[in-house]
Amino acid sequence: EPDVQNDQSGFLTLSKTVSDISFPAENNMIGELPLEVHHLRYLKKLHIERNDGISGPIPDQYGELEHMIYLISKTSLTGKIPRSLANMKKLQFLNFENNDLSGDTLEGDLDVLKEMTALVSLSLIYNSEITGTMPDLSSLSNLKVLGVSNTGMYGTLPESLGMLQLQLLYMDDCAFEGSLDVIQSMSSLTNVYLEDNSFDDVIDDTFFANHENLVHLDVSNCSFSGTVPGHLFYHPKLQVLDMSMNDLDGQLPETISENNLQFLSLHSNKISGPIPSLINNMKNLITLDLSSNQLSGDIPSEIADLVGLSILFLGRNNFAPGPVPAWMRNMTQLSELSLKGSSLTETIPEWLGELTNLLFLDLGENDLTGSIPQSL
């Protein structure tokens, strides 16, 4: 970009300065980050994506790049985040995903982040050697995106986290525990990924009840108990709801209004009772997984009204014995169907061969008889 300077005669001259360096994904670059980059004093953007051959530490001298706004490196960097990067007062996007960075928050190794007060997006995802409890980031008043997934972080969440106005929160595949009260106080959240932690909290009807902008919610495999909140089936914007692999019981809500859910997974819980017939109000569903629960009664034919449904998993429940439901014959859009352990009887119907989009079919653990139809 242009840089206006004075020459020796006192006249203004126009020169060029490098403000943007981008190395595209997977171009097989090798070596360490060059020290010389710190001489590019007007550099605003350094973007290196998916070049695993780039390794070594982040040079301390990069802290001299005071105009930096956008710093992304998805490579194989090692060592700690240099404290000199605190000089990047204009930095808005810091993404060190998929590296081998290290540091212990309890020893202050991430304190440098607190001084980057212009940050809008911060991601340290997939750096397993970054450990310790969640640091106090309350000084980052502009932060909208926070990612610490697949790090070595653990422990309860600090109250200071609730001071952030986050929209996207990625905390999955860590060792966090305790209550979710802090996160539930953050009403600005739109995307929340908490799966594969040990929060061991109780879910009730207040669970994310005040998050009208919520679009994605994944709390699978978090050791939750309680029930499935009915209000999530009325949510105006929710598209993805994954509460699978917890210890939830109770029943599904009898009344379900039209909503925007595209993905619903509640598998591997202890949910009982029937599947409500009003499930056909979820007209946007693409994936429905209710397998490995204690659901009973008949599988409702209203599921066939979900014309966009591509993946249907209902296996390992306590449904009433009977044949493969004939109404499934019209669900030609299905790509995956599992009725494993669903008390199926009689023979495998010939019409299953008409579901020509099927890539996956599981009818195991039933009481089916006869032969496999030639149509399959």
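Brief remarks on what is shown
- Against the numbered list (1) touching a residue at least 40 places away in the same chain (Cβ under 8 Å); (2) of a type outside the set (S, T, N, Q); (3) touching a Pro at 6+ places or on another chain (Cβ under 7 Å); (4) within 21 Å of residue 240 (Cβ to Cβ), residue 289 comes up short only at (3).
- Among the residues making up the range 134-172, those that are hydrophobic (A, V, I, L, M, F, W, C), outside any loop (DSSP other than H, G, I, E, B) and open to solvent by less than 20 Å² (accessible area, probe 1.4 Å) are 146, 153, 161, 169.
- Residue count, the range 80-94 (criterion: more than 20 Å from residue 54 (Cβ to Cβ) and open to solvent by 50 Å² or more (accessible area, probe 1.4 Å)): 5
- Options 248, 278, 238: the member that is open to solvent by less than 30 Å² (accessible area, probe 1.4 Å) and not in a loop (DSSP other than H, G, I, E, B): 248
- Subset tally (residues that are among the aliphatic types (A, V, I, L, M), over 27 Å from the mean Cα position of the chain (by Cα) and closer than 20 Å to residue 340 by Cβ) for the range 278-302: 2
- Set 117, 131: member being open to solvent by 20 Å² or more (accessible area, probe 1.4 Å) and in contact with a helix residue (DSSP H, G or I) (Cβ under 9 Å, 6 or more places away or on another chain): 131
- Inter-residue pairs, beta-carbon under 9 Å, first within 15 Å of residue 45 (Cα to Cα) and in the range 73-99, second assigned to a strand (DSSP E or B) and aromatic (Phe, Trp, Tyr), 6+ apart: 91/70; 92/70; 93/70; 94/70; 95/70
- In the range 61-102, the residues that are within 26 Å of the chain's Cα centre (by Cα) and hydroxyl-bearing (Ser, Thr, Tyr): 70, 73, 75, 76, 78, 102
- Pairs, first farther than 18 Å from residue 63 by Cβ and open to solvent by 60 Å² or more (accessible area, probe 1.4 Å) in the range 37-51, second part of a loop (DSSP other than H, G, I, E, B) and not polar (S, T, N, Q), C-beta under 6 Å, six or more apart: 50/25; 50/26
- Within the range 303-320, the set of residues being open to solvent by 50 Å² or more (accessible area, probe 1.4 Å) and either among the small types (Gly, Ala, Ser) or more than 30 Å from the chain's Cα centre (by Cα) (or both) comprises just one member, 318.
- Per this entry, residue 348 is not counted among residues that are under 30 Å from residue 235 (Cβ atoms) and surrounded by 14 or more Cβ atoms within 10 Å (Cβ to Cβ).
- Boolean, residue 97 is in a loop (DSSP other than H, G, I, E, B) and surrounded by fewer than 16 Cβ atoms within 10 Å (Cβ to Cβ): no
- When we screen 316, 329 for residues that are touching a Gly at 6+ places or on another chain (Cβ under 6 Å) and either on the phi > 0 side of the Ramachandran plot or without any contact (Cβ under 8 Å) to a residue 60 or more places away in the chain (or both), the only hit is 316.
- Residue 77 vs. criteria in contact with a helix residue (DSSP H, G or I) (Cβ under 8 Å, 6 or more places away or on another chain), open to solvent by less than 60 Å² (accessible area, probe 1.4 Å), at pLDDT 95 or above and not in a helix (DSSP H, G or I): no
- The one condition in (1) closer than 25 Å to residue 342 by Cβ; (2) open to solvent by 50 Å² or more (accessible area, probe 1.4 Å); (3) not aliphatic (A, V, I, L, M) that residue 269 fails to fulfil: (2)
- Considering each residue of the range 356-373 in turn, at least one proves to be within 21 Å of residue 282 (Cβ to Cβ) and without any contact (Cβ under 8 Å) to a residue 60 or more places away in the chain.
The values are calculated or read from the model by the stated rules, or taken from the named source; none is laboratory data. Predicted, not measured: the structure shown is a model, and the values here were computed from it. Note that we place each Cβ from the backbone using ideal geometry, even for glycine, and neighbour counts take in every protein chain shown. With ligands, DNA and RNA removed, areas are computed over all heavy atoms of the protein, side chains included. Shrake-Rupley method; radii C 1.70, N 1.55, O 1.52, S 1.80 Å.
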